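Reading through the structure tokens given below for one structure.
Just so it is clear, none of the values below were taken in a lab; they were calculated from the coordinates. Please read all numbers here as calculations on a predicted model, not as lab measurements. We place every Cβ from the backbone using ideal geometry, glycine too, and count neighbours over all the protein chains shown.
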Amino acid sequence: MLDSIINLKHRTLLTLIYSSGLRIGEALQLRITDIDSKRMLIHIKSAKGKKDRYTLLSPKFLGLLRLYYKTYKPKDYLFEGQSGGLYSASSAQNILKKAAKKANITKPITLHTLRHSFATHLLENGTDIRYIQTLLGHSNPKTTMIYTHVSETSIRNIKNPFDNL
């Protein structure tokens with residue numbers, strides 16, 4: 001779906017949300033100075049619950065982000081509206097709906113689906129749930145546990161301990 005987005009700003013925004021597991025409000029509040037390419041981290045300030053946290057900055061995404069930055073030259077916020085200031089969440093949602101349609105995705109999808117996908121894919125790749133909890137900024141582990149709805153494929157890949165006896 002992300003590859004189907006031609007507009008650089010739109011692709012960068014949706015890729016950021018997925019590749020870092022951000023809420024839409026967090027993505028739109030990001031400032032240029034919140035990107036730490038030396039440590040490959042993104043600093044999320046005053047997120048839900050007024051907590052700060054760090055999340056991952058993908059090396060592959062960093063290339064896209066640099067291209068976006070050179071093209072759009074944002075002044076303050078990483079994603080700004082046409083007349084400056086914050087980019088709107090409703091515009092971002094419209095971008096997602098169009099991209100999903102173009103990619104023939106028929107299931108209902110929201111921007112938060114990208115965050116869920118980030119967490120689910122980390123879990124399926126073997127990332128410890130406690131690290132996922134930290135990246136998502138959850139204070140309660142139960143909140144993160146919703147991502148443990150693993151796919152049938154993941155279950156089939158579990159080796160039964162009895163087979164080691």
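Numbers below:
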read-out	value
Option label - Cα Rg over 2.2 N^0.38 Å computed here, alternatives (i) 0.99; (ii) 1.12; (iii) 1.08	(ii)
Across 9/142; 9/102; 9/97; 9/73; 38/70; 51/75, pairs whose alpha-carbon gap is larger than 23 Å	9/142; 51/75
Ranked packing of 26-37, 95-106, most packed first, by mean Cβ within 10 Å	26-37, 95-106
Spin-label pair residue 3/residue 116, simplified geometry with 7 Å Cα→Cβ offset, distance in nm	2.4
Distance in nm between pseudo-label sites at residue 127 and residue 140 (7 Å out along the Cβ direction from Cα)	2.2
Chain lengthening between residue 46 and residue 70 when straightened (0.36 nm per residue, less Cα-Cα)	5.9 nm
